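Q: One structure, pasted below without further comment.
Read-outs throughout are calculated quantities, based only on the coordinates presented, and are distinct from any laboratory measurement. Everything quoted here is computed from the prediction, not taken from an experiment. Methodologically, a virtual Cβ is constructed for each residue, glycine included, from the backbone with ideal geometry; neighbour enumeration extends over all protein chains shown.
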Protein chains: 2
Amino acid sequence: MDQTFNWLLEASRIAAALQERILASEDVADFLAELARHAADTLSGAGSEVYCSVTLLRDKNRISSAGSGEQSLYMDETQYKCGGGPCLYAAQTHVLIDVPEVDKEPRWRSYLDLVRDTGVKAILGVPFNLEGNATGALNLYATRAHAFDNSAPLIALYAEQASLSLRLALRMGELAEMKEHLAAAMESRTAIDIAIGILMAENRCDQEQAFSILRRASSNRNAKIRDLAAEIAGSVAGKPVQTYFKP
Amino acid sequence: MDQTFNWLLEASRIAAALQERILASEDVADFLAELARHAADTLSGAGSEVYCSVTLLRDKNRISSAGSGEQSLYMDETQYKCGGGPCLYAAQTHVLIDVPEVDKEPRWRSYLDLVRDTGVKAILGVPFNLEGNATGALNLYATRAHAFDNSAPLIALYAEQASLSLRLALRMGELAEMKEHLAAAMESRTAIDIAIGILMAENRCDQEQAFSILRRASSNRNAKIRDLAAEIAGSVAGKPVQTYFKP
């Protein structure tokens, strides 16, 4: 009962802390770094320091990772170089990977031999539960063998809360990205649309025909449509085109 | 200790449930409705049904409200009509308003007389802790006097979690709105920019001068700039303008 009580106290603190970190983060990368630091602080137990990293796999081969310090980033990078390891495996397969003794684990030996040299004796890869094509894992490294044996329920609870917060951070990140893409598209579209209008007036043609003229000229001259459009608009105006819409 | 334990168990469930509801909601209004329903389910105690509503005040006089049922929506609407009541007061002043006996409360009498007729005997208005200009409150109505006397800690804890989730929902809502505004602006800007290009070519002038011509014509003819631009572009092309960018 006492232990459960402590976990619950921890759970409500963790939930609040992670939500506050989403609100304070500038983007997904920023939140991943905060998450890795918060996980290391929360899950470091007595007698063993815990390094923590977060791996996030999005779409095709879009890997993001963040660590609580240099050690954990080294573990992650080495894992990618060696072509695999417990944490990448957890992220890819949604299976919790427990390596209580790095020395005795038969899998991923080329990676684990390098890890052993840094003093890491136990590794835990806990998969996140995300949406869409995104997968990921919370990666914990300890300098003591069997360091995670007694904290499995707390770690599972942490990963559950972190999954929810990460989903929210990813949704917000997607919305922010779409907004930025639209704003960027609007910048380049002003010049293109004005150039289309000029070509329509000069050639008495419709929008599609004007765009074909622009595209052909861009291909013949090996210039970007956007740059050519700015040139056409600028040559009529006698000065560069402005985007006067402020999003 | 047992009571504290239960609250913590509740807290971690609430945090997860509210975050899941943000993810499942289409927009802020949808989330407010989910929040009101979830609060009513969570806070309904033994011996008294609890109606719940959520009031959100944004910018200048932008009021949103959602209720767990018809009763709570009636309470809110009546409160706006009567020019004030405990819940609106809590939302506006950030102060928790406790009305354990509707009959004995000297303030807001015109509103409370109407409320009494519906069988409501106790009201609690709990302010949210939000960002920027947004304020709001969780409004609880019970059919038993003093219904909220023993659940103050749970309710405070609920409002704390709800505040965090509401902040996240509002941030996501803002991003989604900005994205929609940009997409809508893009729609009307295509026609305007093409018309500006046509006017530039026909008058050998720059962008600002072309826009002035468009604006003067719009004012003279009492037509919207967007409509006039579409007409100009359509008259050269012989057909309506398309927005070929799909956001």
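Q: If you line up the Cα atoms of the stretch B:178-237 on their principal axes, what length do they span on each, largest first, in Å?
A: Cα spread of the stretch B:178-237 along its principal axes, largest to smallest: 35, 23, 23 Å.
Q: Since chains B and A are linked by a rotation, which residue in B has the beta carbon closest to its axis, and how far is it in Å?
A: Taking Cβ atoms only, the nearest residue and its distance are B:197, 1.
Q: What is the total of Lys pairs in chain B with C-alpha atoms under 25 Å apart, excluding same-chain pairs fewer than 8 positions apart?
A: Value for chain B: 9.
Q: Treating the angle as unsigned and between 0 and 90°, give the value, to the nearest 10°, between the Cα long axis of helix B:152-203 and the longest Cα principal axis of chain B.
A: Computed tilt is about 10 degrees.
Q: Give me a single rounded figure for A:178-187: the average over its residues of other chain Cβ atoms within 10 Å of their Cβ. Don't skip to the answer; put the middle values down first.
A: On the way: counts 7, 11, 2, 3, 10, 5, 0, 5, 8, 0.
If you average over the peptide's residues, the count of other-chain Cβ atoms is 5.
Q: Evaluate chain A: find the radius of gyration of its Cα atoms, find its Kirkwood radius, and give the ratio Rg to Rh.
A: Details: Rg = 25.8 Å, Rh = 21.2 Å.
Ratio value, two decimals: 1.21.
Q: Please grab the % of Cα pairs in the protein assembly as shown that end up more than 37 Å from each other. Working shown, then result.
A: Values: 61807 of 121771 pairs.
Everything past 37 Å amounts to 51 percent.
Q: If each label sits 7 angstrom from Cα along the C-beta direction, how far apart, in nm, is residue B:5 from its counterparts in the other copies?
A: Shortest to longest, the spacings are 0.7 nm.
Q: Moving to a separate point now. Distance between the C-alpha centers of the stretch A:69-145 and the stretch B:172-229? Whole Å please.
A: The stretch A:69-145 and the stretch B:172-229 have Cα centres spaced 55 Å from each other.
Q: Tell me the angle of helix B:28-43 to the major Cα principal axis of chain B, expressed in degrees between 0 and 90 and rounded to the nearest ten.
A: 10 degrees
Q: Taking the Cα-to-Cβ direction at residue A:129 and at residue B:93 and moving 7 Å from each Cα, how far apart do the two end points lie in nm?
A: Between residue A:129 and residue B:93, the simple spin-label model gives 4.4 nm.
Q: Which whole number gives the average count of other chain Cβ atoms within 10 Å of the Cβ atoms across peptide B:198-209?
A: On the way: counts 8, 4, 10, 12, 4, 2, 3, 3, 9, 12, 4, 1.
Counting Cβ atoms of other protein chains within 10 Å of each residue's Cβ and averaging gives 6.
Q: Here's a follow-up. What are the distances, in nm and sorted shortest first, from the label point of residue B:113 to the label points of the same position in each other copy, with each label point placed 7 Å from Cα along the Cα-to-Cβ direction?
A: Counterpart label points of residue B:113 in the remaining copies fall at 8.9 nm.
Q: By how many degrees, between 0 and 90 and to the nearest 10, does the Cα long axis of helix B:225-237 differ from the longest principal axis of chain B?
A: Between helix and principal axis, roughly 40 degrees.
Q: Calculated from DSSP H runs of 4 or more alone, at -39500 (n - 2.57) each and per residue, what is the 222 nm mean residue ellipticity of chain A, nearest 500? Intermediate values should be presented prior to the final figure.
A: Values: 8 runs with 147 residues, N = 247.
Counting only the DSSP helices, I get -20000 deg cm²/dmol.
Q: Here's another thing I want to ask about it. How far is residue A:94 from itself in the other copies, in nm, if each label sits 7 Å out from Cα along the Cα-Cβ line, shortest first?
A: Label-point distances to the other copies, shortest first: 4.4 nm.
Q: Could you list B:62, A:171 in order of exposure, starting from the residue whose Cβ has the fewest other Cβ atoms within 10 Å? Could the numbers behind the result be given before it?
A: On the way: B:62 10, A:171 20.
If I rank by nearby Cβ atoms, fewest first, I get B:62, A:171.
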